[in-house]
Amino acid sequence: MQNQEQLEAQFQAKIDAGIKIEPKDWMPKEYRKTLIRQISQHAHSEIVGMLPEGNWVTRAPSLRRKAVLMAKIQDEGGHGLYLYSAAETLDIDRDSLIQDLHSGKAKYSSIFNYPSITWADMGAIGWLVDGAAIMNQVMLCQTSYGPYARAMVRICKEESFHQRQGYEIMLTLAKGSPAQKRMAQDALNRWWWPSLMMFGPKDTDSTHSETSIKWKIKRMSNDELRQRFVDATVPQATLIGLKIPDDKLNWNPERGHYDYGEINWTEFWEVVKGNGPCNKERLAQRVKAYEEGVWVREAALAYAEKKRTKSPISEVLV
Ligand code: 3HC
């Protein structure tokens with residue numbers, strides 16, 4: 001019988017060798033706990049993230065824009081499904097995760113607590129928010145927990161469509177009338193800094209990064225991913241004639257990266273703590289949707305139970 005120390009050493013050796021950890025494998029309690037935390041909050045982010053965009057479905061400027069926006073929102077619901085399913089492989093039930101969201105015990109991404117004020121916000125969200133999510137999620141395709149890594153593969157494929165359709169909205173507006181260009185620039189001004197906050201606190205303030213990197217849950221740090229996002233996105237803004245709202249932004253040839261200004265960490269932590277512009281509204285919408293959806297869940301469970309008890313095999317066995 002191996003002791004705890006031997007089990008932990010064997011586990012870390014698997015991680016170091018790049019072997020995926022699967023649900024039935026032995027894993028340290030803390031590994032399981034931090035995965036449930038991160039995967040469930042990722043899932044919550046996908047579901048809450050549907051709300052700012054849902055605000056514009058009935059007001060999309062054309063049938064094509066409406067169809068694309070609806071497809072994207074539907075994808076996000078599917079991403080939440082894959083991620084809740086990945087979390088459930090860690091022997092946690094979905095309802096308890098959702099109760100943690102509703103009670104405020106669990107987090108979701110700060111970015112979704114900002115209002116979507118104009119149609120250009122649909123472009124900025126697709127381009128910047130999904131663009132930032134892609135940076136993070138491509139890295140998570142290499143995460144050490146098998147079900148999480150595999151969920152990421154399909155999510156990343158769909159995410160790249162999300163980013164492109166957002167950038168195309170911004171391109172169309174930036175090349176449109178002066179009023180449309182102003183609307184696009186206004187959206188960029190409002191979504192740029194909150195998008196940088198999506199990558200989490202500075203590495204020096206990150207609670208989980210050290211263990212998450214040791215266990216290869218994270219393959220890059222918060223600041224590394226943030227820098228990668230800035231370096232990729234600044235040229236995209238320049239290409240369509242929009243200006244990043246950061247007067248300290250500057251290409252640094254020695255570093256081979258853009259230097260950029262300081263994030264407003266007080267704003268970040270206030271939003272994370274629940275004091276953002278839309279936190280209360282978003283959570284109330286989620287609780288309302290959950291409560292109004294009880295009958296759907298009950299009907300689906302009743303149908304599944306009926307099918308299970310009535311399945312031909314059980315008739316034969318009886
Ligand atoms: N919003 C809310 N909370 C945040 C946050 C943010 N932007 N960034 C960090 N936090 C929280 C962390 O959850 C942690 O709190 P907790 O202990 O209560 O969970 C605390 O701040 C300290 O942060 P750490 O850096 O120590 O936390 P992590 O190591 O977990 O790193 C993370 C944060 C980079 C967001 C990581 O959790 C992660 O990669 N998560 C998976 C990706 C994800 O959730 N993305 C959210 C957006 S999904 C999306 O945009 C959908 C797309 O389709 C639009």
* To do: Please give the number of the condition Gln142 fails out of (1) crowded, with 23+ Cβ neighbours inside 10 Å; (2) modelled with pLDDT of 95 or more.
  => (1)
* Asked: Looking at the stretch 232-239, is at least one residue hydroxyl-bearing (Ser, Thr, Tyr) and either under 19 Å from the mean Cα position of the chain (by Cα) or closer than 24 Å to Ile15 by Cβ (or both)?
  -> yes
* **Sole exception among (1) out of contact with any strand residue (DSSP E or B) (no Cβ under 9 Å at 6 or more places or on another chain); (2) surrounded by 17 or more Cβ atoms within 10 Å (Cβ to Cβ); (3) part of a loop (DSSP other than H, G, I, E, B) for Leu128, by number** => (3)
* Asked: Being touching a residue at least 40 places away in the same chain (Cβ under 8 Å), closer than 29 Å to Gln74 by Cα and exposed (fewer than 15 other Cβ atoms within 10 Å of the Cβ), is that true of even one residue in the stretch 229-236?
  -> yes
* Asked: Hey, among the residues in the stretch 202-225 that are without any contact (Cβ under 8 Å) to a residue 40 or more places away in the chain and open to solvent by less than 40 Å² (accessible area, probe 1.4 Å), which one's farthest from the ligand (Cβ to nearest atom)?
  -> Ser221
* **Members of the stretch 238-289 found to be acidic (Asp, Glu) and part of a helix (DSSP H, G or I), listed by number** => Glu267, Glu270, Glu281
* Residue count, the stretch 252-270 (criterion: touching a helix residue (DSSP H, G or I) at 6+ places or on another chain (Cβ under 8 Å) and over 21 Å from Tyr114 (Cβ atoms)) -> 2
* Do we have Arg308 as open to solvent by 100 Å² or more (accessible area, probe 1.4 Å), among the basic types (Lys, Arg) and over 26 Å from the mean Cα position of the chain (by Cα) here? -> yes
* Asked: Given the residues Arg64, Arg37, Arg32, which is the only one that is within 10 Å of the ligand (Cβ to nearest atom), surrounded by fewer than 20 Cβ atoms within 10 Å (Cβ to Cβ) and in a helix (DSSP H, G or I)?
  -> Arg37
* To do: Residue by residue through the stretch 174-201, note down the ones that are more than 12 Å from the ligand (Cβ to nearest atom), open to solvent by less than 40 Å² (accessible area, probe 1.4 Å), more than 11 Å from Ala124 (Cα to Cα) and in contact with a Leu (Cβ under 9 Å, 6 or more places away or on another chain).
  => Ala174
* Structure fact -> Exactly one of Ala133, Ala106, Ala87 is open to solvent by 10 Å² or more (accessible area, probe 1.4 Å), over 13 Å from the mean Cα position of the chain (by Cα) and within 13 Å of the ligand (Cβ to nearest atom), and that residue is Ala106
* Structure fact -> Per the filter on the stretch 109-124, residues out of contact with any Leu (no Cβ under 8 Å at 6 or more places or on another chain), in a helix (DSSP H, G or I) and within 12 Å of the ligand (Cβ to nearest atom) are Ser110, Ile111, Asn113
* Asked: Name the pairs: first residue in the stretch 91-105 and free of Cβ contacts under 8 Å to residues at least 24 places away in the same chain, second residue small (Gly, Ala, Ser) and surrounded by fewer than 15 Cβ atoms within 10 Å (Cβ to Cβ), Cβ to Cβ under 9 Å, at least 6 apart or on different chains?
  -> Arg94/Ser85
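Residues of the stretch 249-286 being among the basic types (Lys, Arg) and within 13 Å of the ligand (Cβ to nearest atom), which ones?
Passing the criteria: Lys273, Arg282.
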* Asked: In the stretch 140-193, how many are under 30 Å from Lys14 (Cα atoms), among the small types (Gly, Ala, Ser) and part of a helix (DSSP H, G or I)?
  -> 3
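The values are calculated or read from the model by the stated rules, or taken from the named source; none is laboratory data. The structure presented is a predicted model; accordingly, all values stated were derived computationally and were not measured. Positions of Cβ are generated from backbone atoms using ideal geometry, with glycine treated the same way; all protein chains shown enter the neighbour counts. Only protein heavy atoms, including side chains, enter the accessible area calculation; ligands, DNA and RNA are left aside. Shrake-Rupley method; radii C 1.70, N 1.55, O 1.52, S 1.80 Å.
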